[in-house]
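Scroll down for the structure; my scribbles are underneath it.
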Amino acid sequence: MPAPLQAPQIRRQFLTTLVAAGSAWAAPSLWAQGSPRSEGRLVLVFLRGAYDGLSALVPHGDRNYTALRPTIALPTPDGTAQTTLRLDDSFGLHPALAPLLPLWQLGVLAAIPAAGSPDATRSHFDAQHHWEIGMPGHGGAASGWMNTLAGLHTPTDGALGVGEANPQILSGPAPVQLVPRGQAATRQGVLGDARTRDAVMKLYAGKDSLSQAFRAGADSRMQTAQTLSADMADPSMASKEMLAANNGAGAVQGLQLDAQHLGTLMRQDRKLRLGFLSAGGWDTHANQGAATGALANNLGSLAAALVQLRRDFSQPNDVVVVCSEFGRTSAENGTRGTDHGHGNALWLMGNRVQGGRWHGNWTGLAAGNLHEGRDLPVHHDFRAVFAQVLRSTQGLGHGDLDRLFPGFAWDSALDGLMRA
């Protein structure tokens with residue numbers, strides 16, 4: 001893999017204070033056994049609606065790129081603000097993701113350009129369901145894989161979701177904490193009124209399981225609201241179709257605030273080792289834009305949220321993963337947007353990540369190399385990506401990983417993804 005080229009010094013200096021100093025890593029044990037359990041934290045950022053990875057991780061080295069996208073292709077890197085930010089001879093960053101460039105240069109941000117679910121559905125709802133239960137192609141009911149992960153150890157690892165009322169990925173028997181998105185997280189609701197709170201708590205003062213569960217939930221809501229009382233923001237959405245694709249996620253413009261809330265709560269409670277965030281607004285069928293426009297605005301908000309997460313999740317075994325249910329078509333459509341695709345770029349951030357490079361296989365955009373002649377293929381199953389992360393940072397062996405992702409296959413092409 002070619003080493004990334006140096007960028008202008010001003011970009012190099014930006015955000016360097018956010019990057020924790022590297023540490024010496026202990027060599028992992030055999031993968032079948034896993035490595036010793038660590039205190040690493042995993043944060044998953046899910047972009048609902050299928051974001052366009054070919055605009056985020058721009059394949060500027062592929063001559064087919066501009067031919068497939070005559071109006072929305074990002075300009076070739078030339079060092080100016082409205083062109084692709086060069087990473088190496090193959091790929092570059094969208095200029096709206098410029099705040100992430102120092103993280104790439106300092107080796108804590110990496111990408112996998114052709115990853116995803118091996119199931120070829122183009123349905124937002126089916127694909128999101130497959131991702132969240134860890135079983136591509138499975139349409140039945142099942143616990144979310146992050147809920148299963150939370151329950152693997154004794155005592156149970158804490159899991160926190162910010163933004164959605166009931167994300168499938170956190171559903172299941174293990175207890176999880178769910179926090180509303182934006183400013184709503186700072187509100188105590190009806191319990192904020194002392195007289196109402198006193199009356200309700202008397203009603204549920206018994207020793208039965210329902211009363212105990214209610215009191216625990218009420219206490220959690222009050223404590224969370226008090227902790228986050230200084231926060232502010234509340235996103236809004238427009239298109240009905242995009243709202244459906246968002247599947248309950250808020251707008252990406254509110255993601256930075258949600259990331260701040262997640263970081264605040266997980267810092268204060270170290271038992272919370274699993275975090276989930278989501279953002280909608282990525283179903284860009286029309287007027288997607290190039291260096292500027294709707295997608296660029298979304299990517300700028302995503303970059304700000306990831307910088308926020310880096311501030312709070314920079315311990316040696318912390319990892320942040322950014323993904324989406326599938327990618328978008330390689331060619332633009334007649335309305336200067338992109339349609340539902342297959343493979344996509346997946347991002348990882350953390351000190352244990354072998355950053356400053358991309359990983360896995362890339363076969364380019366020639367028609368003969370595309371899925372069904374139109375989309376990026378899925379060279380790397382998302383489950384194999386998470387298996388690498390969880391073995392390296394949380395000590396999971398083959399048995400645990402197979403419980404999370406039944407029937408997944410280890411992908412040796414990704415063996416260099418995590419530092420030893």
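Looking at the stretch 131-140 only, could you name the residues that are surrounded by fewer than 24 Cβ atoms within 10 Å (Cβ to Cβ) and at pLDDT 95 or above? Let's see the steps before the verdict.
Narrowing the stretch 131-140 to residues surrounded by fewer than 24 Cβ atoms within 10 Å (Cβ to Cβ): 135-140.
Those that are surrounded by fewer than 24 Cβ atoms within 10 Å (Cβ to Cβ) and at pLDDT 95 or above: Met135, Pro136, Gly137, His138.
Do we find that His371 is over 22 Å from Asn351 (Cβ atoms) and touching a strand residue (DSSP E or B) at 6+ places or on another chain (Cβ under 9 Å) in this structure? No, not satisfied. Of the numbered criteria (1) farther than 20 Å from Trp347 by Cβ; (2) surrounded by fewer than 24 Cβ atoms within 10 Å (Cβ to Cβ); (3) not hydroxyl-bearing (Ser, Thr, Tyr), the one His261 fails is (2). Checking each residue in the stretch 273-289 for being in contact (Cβ under 8 Å) with a residue 60 or more places away in the chain, of a type outside the set (Val, Ile, Thr) and closer than 22 Å to Trp131 by Cβ picks out Arg273, Leu274, Gly275, Phe276, Leu277, Ser278, Ala279, Gly280, Gly281, Trp282, Asp283.
Can you find a residue that is modelled with pLDDT under 95, among the β-branched types (Val, Ile, Thr) and either out of contact with any Leu (no Cβ under 9 Å at 6 or more places or on another chain) or not assigned by TED's automatic domain parsing to the domain that holds Arg311 (or both) anywhere in the stretch 17-26? Lay out the reasoning, then the answer.
Step one: filter the stretch 17-26 for residues modelled with pLDDT under 95, giving 17-26.
If we keep only those that are among the β-branched types (Val, Ile, Thr) as well, we get 17, 19.
This time we only want the ones that are either out of contact with any Leu (no Cβ under 9 Å at 6 or more places or on another chain) or not assigned by TED's automatic domain parsing to the domain that holds Arg311 (or both), so: 17.
Yes: the stretch 17-26 contains one or more residues that are modelled with pLDDT under 95, among the β-branched types (Val, Ile, Thr) and either out of contact with any Leu (no Cβ under 9 Å at 6 or more places or on another chain) or not assigned by TED's automatic domain parsing to the domain that holds Arg311 (or both).
Taking Ala110, is it part of a strand (DSSP E or B), modelled with pLDDT of 95 or more and under 28 Å from Val162 (Cβ atoms)? Yes. Within the stretch 402-417, restricting attention to residues that are in a helix (DSSP H, G or I) and in contact (Cβ under 8 Å) with a residue 40 or more places away in the chain, the residue that is farthest from Gly116 (Cα to Cα) is Arg403. Taking residues in the stretch 341-352 that are under 21 Å from Pro59 (Cβ atoms), and partners anywhere that are assigned to a strand (DSSP E or B) and of a type in the set (Ser, Thr, Tyr), the pairs with Cβ atoms closer than 8 Å and at least 6 places apart or on different chains are Asn344/Ser324.
The values are calculated or read from the model by the stated rules, or taken from the named source; none is laboratory data. Bear in mind that the values here come from a model prediction, so they are computed numbers and not experimental data. Every residue, glycine among them, receives a Cβ derived from its backbone with ideal geometry; neighbour counts consider all protein chains shown.
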